[in-house]
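Quick notes on the structure that follows.
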Number of protein chains: 2
Amino acid sequence: MNVRVYVTPKKGILDPQGATVERALPNLGFSGVSDVRIGKFIEFRLDPPPGTTLEQARATVDEMCRKLLANPIIEDFTFTVDEG
Amino acid sequence: MNVRVYVTPKKGILDPQGATVERALPNLGFSGVSDVRIGKFIEFRLDPPPGTTLEQARATVDEMCRKLLANPIIEDFTFTVDEG
């Protein structure tokens, strides 16, 4: 299964990387950009034991996100799991 | 317009963050994970001048990625631009 995880700073949490990019873009000639938020994009392959349902695989990925991939105190995450 | 940019290390480029996560997951009890790649997920709002077409907005975002958001030498990027 192909898994893609999107991690973003929670609303209200300071995002210094995003603020820096937002300040830099006008200097490069790009205007009209706001609300820049920078997070992580994580891709991996998951080969669960035979007989695992998509729902069970999604529960596993959710646990991975909570335990390692994201910091649920300051970050939100979403993910997709595609068979194949 | 809402823009989402996905930046990933190019294939063949060392991804130390991804390698670390791949080694850590089995220790946390998660098996069957491989090919972990960690990149960036960037969201922002783009308010282009009136009359800008979606195609022109996409060209602008492509240029932003090449100039600032990604490093095209070691990273690949894709993006979506939604009106609204």
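Quick notes on this one:
- Residue match in region B:15-28 (condition: in contact with a Leu (Cβ under 8 Å, 6 or more places away or on another chain), among the polar types (S, T, N, Q) and modelled with pLDDT of 95 or more): no
- Enumeration of residues in region A:20-44 that are more than 7 Å from every other protein chain (Cβ to nearest Cβ) and either assigned to a helix (DSSP H, G or I) or touching a helix residue (DSSP H, G or I) at 6+ places or on another chain (Cβ under 6 Å) (or both): A:20, A:22, A:23, A:26, A:27
- Hits in region B:1-19 (condition: part of a helix (DSSP H, G or I) and surrounded by fewer than 17 Cβ atoms within 10 Å (Cβ to Cβ)): B:16, B:17, B:19
- Selection status of residue B:76, more than 27 Å from residue A:63 (Cα to Cα) and either at pLDDT 95 or above or in a strand (DSSP E or B) (or both): yes
- Among (1) assigned to a loop (DSSP other than H, G, I, E, B); (2) of a type outside the set (Gly, Ala, Ser); (3) free of Cβ contacts under 8 Å to residues at least 40 places away in the same chain; (4) within 10 Å of another protein chain (Cβ to nearest Cβ) - the single one residue A:48 does not satisfy: (3)
The values are calculated or read from the model by the stated rules, or taken from the named source; none is laboratory data. In this text the structure is predicted, and so the values were computed from the model without any measurement. Using ideal geometry, Cβ is built from the backbone for each residue, glycine included, and neighbour counts are taken over all protein chains shown.
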